[in-house]
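Attaching a single structure in structure tokens format; questions to follow.
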């Protein structure tokens, strides 16, 4: 097939350089005679791979001392349980900000274990905004405050980091991890499913401040206890070795491109091109998200006439622009433009949108 | 590096044909323009991959109607919690056969949730045998009977399937899944970490009889409930897509080689060569496992003089025979010879063992 630009929300496009390197190393990693998939996780070859991956991630995010980096499995959905079960300790309640589909799932799962105080919600306007922080009804005794920095389905992104107010901040960064600079020291815990900005699915990367370990419920399955994995440097049992290897290649690729800072400006430019295409269309395209909260990762938009959606998707595909259909929960279109989406792909989409609007407007 | 034979216990050697195909498809799967790692798990391309994988596995194992096939994460270690938490129902106790390291971990984790009745143990002779079934102290009210069909570390394998006696059989088949014919209808639940006979780590394959679903503890995390994944055909959230793809390629490779029946005779021949080399060495090599229970997957042996271990490993490596060091828990040597280990590799090892014994005997 001809070159395509893949706007999937995740699993999503990976850097071509990373895939090409994985391809070249598939049968023999660095002269070991083994594929990475065939390596004992406790052998020196894989130990080097996981060590490098952690080292590079720490460097990319300027992770301060006192934080553990964990490579886990089960996706962000597993964290919706693990976070309350590990961090509740002797508290009775947690604070969660509700800004869309993924926040709601975090609320729903946490409610099975404790009281959930929804400190603020933008459901009244279909999650078009992040409620102003000074309106949040926070509980000073909450075990933590959880928010979703980027709502992959809704296309909403936090433009700020909430104040901690003495309560640990927990953030689901699945879909904007490594896409912009973050001061890790403000957080108690950050987690991210890999399949957007990190690597293949089946891997979760988690940063946790060490003083938050050791609060797990006594009956928690051993494998769900952060302490289990922290004490064993993510090697309590066999980790997802190949996804960790690919993540490590992605981290090296990021470093070569100027790190997170470099990505942040690239991502701002890419998102700017698409939001400009929407705004310049004089209503042919529109997004319901208020301007300050429009995601730089998932650009969600609709056509003025829903009946045009099918031909938009079909013609886009003919132009090599694929996976643009919005999530079934919100409908419309969604262009996911994670770190690995080259600006050429975004320009191609913006041009296509302009042409399509001219033909059908 | 020159060709090596990799005897790692897992992650372990994969079929060369599978890795070569994965390499050729790395940048573009079947003309889709995407790597499998970049595909939306809900797109038609990946749906075809996971559907084929399940279909081929069902065919290989002759899975009868009434069983769900699940593709999960977290390794067999996660199942040590999930099995009791899902299957206990209103029962108070479970039966477990203790035949080594992995059985003991299953016992330890299950004890956190219920009474564990160890029906039999071979710990008295360092797990050299499987206790005769007619000596087992079974509880007719147990929620299930759990056993480990092959102890990867100890090198012990069950030569029989226990009778169910009206109690569901649960089997950890991590290290001999698909290596010999199994009558699935005898089992309530079978699980296997992928990284021995299936594919890359980060994937667990599980077969469960449908009538055992729906007994989970009410406070079980959603992601740990088999019902969650059964109802969503393993797509409740993003599964480990790339490991599932590789597993699917392995299943097709198995079918081409005569399926499980074909593997069973190959594996018997391979194991026979190594046990013959041990027995023919006149005490230079020895294994403590009683003959009927010697594993066809993990051949565990010692040298008559422990001081020779380092030079055995070093000279083996010079001959391209790697990852032969036994698990630290039992020491000695271990040759893991899963489905993907070619008979040429086993012959090379048997010849090397003979030569080494001659030189150092």
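None of the figures in this text is laboratory data; all of them are computed from the coordinates on show. Everything numeric here is computed off the predicted structure, so don't read it as measured data. Every residue, glycine as well, gets a Cβ built from its backbone with ideal geometry; the counts of neighbours run over all protein chains shown.
Tell me, what is the percent relative contact order of segment B:199-306, built from C-alpha pairs under 8 Å that lie six or more residues apart? Don't skip to the answer; put the middle values down first.
Values: 58 pairs, mean separation 22.3, N = 108.
With pairs under 8 Å counted, the relative contact order is 21 percent.
What FRET efficiency comes out for the pair residue A:115/residue B:132, r = Cβ-Cβ distance, R0 = 41 Å, nearest 0.05?
Working: r = 54 Å, r/R0 = 1.32.
Taking R0 as 41 Å, the efficiency between residue A:115 and residue B:132 is 0.15.
Ok, one more. Quick one: work out Rg over Rh on the C-alpha atoms of segment A:1-107, Rh as Kirkwood radius.
That ratio is 1.06, to two decimals.
Another question, if that's okay. Would you order A:290, B:134 from fewest to most other beta-carbon atoms within 10 Å of each residue's own beta-carbon?
Working: A:290 13, B:134 5.
Fewest to most other Cβ atoms nearby, the residues stand as B:134, A:290.
Suppose you put the label 7 Å out from Cα in the Cβ direction; list, shortest first and in nm with one decimal, how far residue A:232 is from each other copy's label.
Copy-to-copy label distances at residue A:232, shortest first: 2.5 nm.
Okay, moving on. What ranking do B:114, A:171 get, fewest neighbouring Cβ atoms within 10 angstrom at the top?
On the way: B:114 17, A:171 26.
The fewest-first ordering by Cβ neighbours comes to B:114, A:171.
Pick from A:314, A:61, A:173 the residue whose mean-square fluctuation is largest in a GNM of chain A, springs joining Cα atoms under 10 Å.
A:314
Taking square-rooted eigenvalues a ≥ b ≥ c of the alpha carbon gyration tensor, is chain B rounded, prolate or oblate, where a/c under 1.5 means rounded and, failing that, a/b exceeding b/c means prolate?
On the way: a/c = 2.10, a/b = 1.17, b/c = 1.79.
Cα axes put chain B in the oblate bin.
For residue A:108 and residue B:55, what does the FRET efficiency come to when R0 = 45 Å and r is the distance between their Cβ atoms, rounded to the nearest 0.05?
Details: r = 33 Å, r/R0 = 0.74.
With a Förster radius of 45 Å, E is 0.85.
Taking every residue in A:197-206, how many Cβ atoms of other protein chains lie within 10 Å of its Cβ, on average?
5
With 5 Å bins from zero, work out the P(r) of segment A:63-114 over every alpha carbon pair and list the percent per bin.
P(r) over segment A:63-114, rounded to whole percents: 4, 18, 25, 21, 19, 12, 2.
Right, next: Just to compare against my own numbers: the Cα pair-distance distribution for the protein assembly as shown, 20 Å bins, whole % per bin, please.
17, 49, 29, 5, 0
How high is the FRET efficiency between residue A:291 and residue A:164 when r is their beta carbon distance and R₀ equals 30 Å, given to the nearest 0.05?
On the way: r = 27 Å, r/R0 = 0.90.
FRET efficiency, residue A:291 to residue A:164: 0.65.
Suppose we keep just the DSSP beta bridges with both residues in chain A; what percent of those would be antiparallel, to 5? Walk me through the intermediate numbers first.
On the way: 21 of 38 bridges.
Close to 55 percent.
Which whole number gives the average count of other chain Cβ atoms within 10 Å of the Cβ atoms across peptide A:26-33? Walk me through the numbers before you get to the answer.
Details: counts 7, 5, 4, 1, 1, 2, 4, 8.
The shielding value for this peptide is 4.
Another question, then. Between A:201, A:179, A:77, which gets the highest mean-square fluctuation from a Gaussian network model of chain A, Cα cutoff 10 Å?
Sorting by GNM fluctuation, first place goes to A:77.
Classify segment A:116-257 from the C-alpha gyration tensor, please: rounded if a/c falls under 1.5, else prolate or oblate depending on whether a/b exceeds b/c. Display every interim value, and only then the final one.
Working: a/c = 2.02, a/b = 1.26, b/c = 1.60.
Oblate.
Could you tell me the relative contact order of segment B:65-130? Use alpha-carbon pairs under 8 Å, at least six residues apart, and round to a whole percent. Can you show the working numbers first?
Details: 64 pairs, mean separation 20.3, N = 66.
After rounding, I find 31 percent.
Using the alpha-carbon centroid of each, what span in Å lies between segment A:157-192 and segment A:70-121?
15
Sorted from largest down, give the three principal axis spans of the alpha carbons of segment B:138-221, whole angstrom values.
32, 31, 22
May I ask you to derive the relative contact order of segment A:259-360, considering only C-alpha pairs under 8 Å and at least 6 residues apart, and to give it as an integer percent? Show your work: numbers first, answer last.
Working: 110 pairs, mean separation 32.2, N = 102.
Taking the mean separation of contacting Cα pairs over the length of segment A:259-360, I get 32 percent.
With a 10 Å cut-off between alpha carbons and a GNM built on chain A, which of A:312, A:251, A:160 moves the most?
The residue that fluctuates most here is A:160.
Please pull out the direction-averaged projected area of segment A:259-360, using the convex hull of its alpha-carbon atoms, in nm² to one decimal place. Intermediate values should be presented prior to the final figure.
On the way: hull surface 25.5 nm².
Average of the hull's projected areas for segment A:259-360 equals 6.4 nm².
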